[in-house]
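Here is the structure we will look at.
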Ligand code: MCA
Ligand code: AMP
């Protein structure tokens, strides 16, 4: 009886009093204490009649207990479906219904909003708050601190992570045990993580970066994490003396660089700073190096693929590139029309293949066929080139995507909400440079009749969309720029508004 992911990430720590999570209240949770919590939660899930292959949707604040739900799901073969805490009830409705989740775990403050959705989809509902209390934990308390591990194959599903699409409809990326484990193994070795490491963990744990890259790697190497509820530069600096490494999105680094307390001395004993999820400006790399004497290691990944490429640990880390294909991962640059592989140095769509690449989109066989080729290559939608030394450089996106502070925003989702409002003929949402978030969405609206009520658009966005997706500016324009084929020229809009946030205080 085996369960490859549990056996590699969790089982080796059973009974070990080694530090795992250093918490804000000054306490440290050992690996063993964490696994005992996870076993109790696993027991509670089984008692609720959940079994291997069922889905558990989780929208809760970051806490050791939230991570223990992940461990419990892996141990019991239950598919883990974490959701951004910013999602509104109307966004959650789709995820819960589409995934067929049998149990929804939410913050107590959201229970009333989610209850009608759960009732309609016949899901059970339990609560878990940011301090680790709630009805889930009440049910778990009576469970034993050891529990059986459900046998799984590497090809069995471990998690669904929803990712938006250019059509505005989210797709559930199905990730197997092997997808997660193979990537964690490669990253641990590539970045030289050992049990001596202490990682500053300030990322959310509902996305690939904070959950699979950071947490899986640390579980695999046996090191510890300073587990912070969210990113705060003061807290990061407070804990830096005990840490060896940090993983973050570019906004973490620009905010740290803006902080007076971040000095060469503060960073002196850190062995590794890793960035990803969004492009890091070369200026940020350079500013970081001149302040600390260290080079940030940038890597590239996706929800569907985990990590694909990375700058090297030893050897030159090139700013403006995302490094080399990881061991076991094939990366090629293809013609967007024909799919043919392009000669080295040319720009095209990045395609990737390897044990890290997901199994497909849940209940969307056609979408899966469009993006995942029969030979196993996944069409990322990112545009890139490979330089003469083999470094992959991302030069743009073939997909209509905005990345704000590491969160993905698909303009279509916002356009659908804006277009629905009275007085709106049509709209186009584009991402423009933002000094803090990298990019931010701007909605350009063409009026119909008496024209739109901006407050109404704002309040519709607030009801329908997570806060991070809200347009930071709404601009009224007589007509959208179009090419001769009638297609909206988003590039022209991006150009027109490119200094909207960088010129002013926004
Ligand atoms: C929060 N807000 C945001 C964002 N985050 N708005 C736009 N973009 C965001 N990313 C909202 C807040 O709700 C708040 O709303 C206002 O913006 C300003 O909040 P602030 O306090 O400045 O934000 P924060 O809470 O400090 O958060 C910023 C953050 C955070 C630390 C950058 O967004 C974050 O942790 N990002 C990491 C995302 C991540 O893990 N991505 C990985 C995805 P109001 O104005 O109403 O107060 S995985 C992935 O992409 C792939 C696989 C990969 O390669 O890793
Ligand atoms: P997600 O769908 O949230 O997994 O986001 C994946 C997307 O983030 C990729 O397709 C890229 O567009 C982008 N991304 C991730 N890492 C980087 C990076 N280091 N540089 C540029 N873009 C990145």
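Every number in this text was worked out from the coordinates using simple rules, so none of it is lab data. These figures come from a predicted structure and were not determined experimentally. Neighbour counts are summed over all protein chains in view; Cβ atoms, including those assigned to glycine, are modelled from backbone coordinates with ideal geometry.
With the helix formula -39500 (n - 2.57) applied to DSSP H stretches of n ≥ 4, the chain reaches a computed 222 nm mean residue ellipticity of -8500 deg cm²/dmol. With bins 5 Å wide beginning at 0, the percent of Cα pairs of region 226-324 falling in each bin runs 2, 13, 25, 27, 19, 12, 3, 0.
Whole Å is fine, so just give me how far the alpha carbon centre of region 57-71 lies from that of region 438-457. With region 57-71 and region 438-457 each reduced to a Cα centre, they are spaced 37 Å.
Counting pairs of alpha carbon atoms under 8 Å apart in space and at least six apart in sequence, what relative contact order in percent does region 1-133 give? If you can, show how the numbers build up before the last one.
Working: 194 pairs, mean separation 29.1, N = 133.
About 22 percent, as a whole number.
Taking every Cα-Cα distance in region 438-506 and sorting them into 5 Å bins from zero, the calculated P(r) comes out as 3, 13, 23, 21, 22, 13, 4, 0 percent. Beta-bridge orientation, region 245-307: approximately 25 percent antiparallel, per DSSP, counting only bridges with both partners inside. When only alpha carbons are used to place a centre, region 462-506 and region 206-261 end up 32 Å from one another. Taking every C-alpha pair closer than 8 Å and separated by at least 6 residues, the mean separation divided by the residue count of region 133-204 gives a relative contact order of 21 percent.
Principal axis extents of the Cα atoms in the chain, from largest to smallest and rounded to whole angstrom, are 67, 55, 50. Equivalent ellipsoid of region 44-144: semi-axes from √(5λ) of the C-alpha gyration tensor, largest first, are 19, 16, 12 Å.
Residues 99, 148, 164, 275, arranged from fewest to most other Cβ atoms within 10 angstrom of their Cβ, appear as 148, 164, 99, 275. Taking only Cα atoms of region 84-206, what ratio of Rg to Rh do you get with Rh as the Kirkwood inverse-distance radius? My calculation puts Rg/Rh at 1.00. Each of 36, 467, 255 has some number of other Cβ atoms within 10 Å of its Cβ, and from fewest to most they run 467, 255, 36.
Taking every DSSP beta bridge that has both ends in region 70-227, the antiparallel portion is near 40%. Summary of the geometry: region 365-405 and region 126-156, compared by the centres of their Cα atoms, lie 36 Å apart.
Ranked by the mean number of other Cβ atoms within 10 Å of their residues, highest first, the peptides 450-462, 46-58 fall in the order 46-58, 450-462. Here the residues 85, 208, 380, 341, ranked from fewest to most Cβ neighbours within 10 Å of their Cβ, fall in the order 341, 85, 380, 208. Highest average first, the peptides 247-254, 2-9 ordered by how many other beta carbon atoms sit within 10 Å of their residues are 247-254, 2-9.
Counting only C-alpha contacts under 8 Å and six or more residues apart, can you give the relative contact order of the chain as a whole percent? Mind dumping the intermediate values first?
Numbers: 1078 pairs, mean separation 58.0, N = 506.
Relative contact order of the chain: 11 percent.
Ellipsoid semi-axes for region 157-297, based on the Cα gyration tensor and the rule √(5λ), read 27, 19, 13 Å when sorted largest first.
Considering only DSSP beta bridges with both partners in the chain, what is the antiparallel share in %, to the nearest 5? Spell out each step's value before the answer.
Working: 48 of 79 bridges.
So the antiparallel bridges in the chain amount to around 60 percent.
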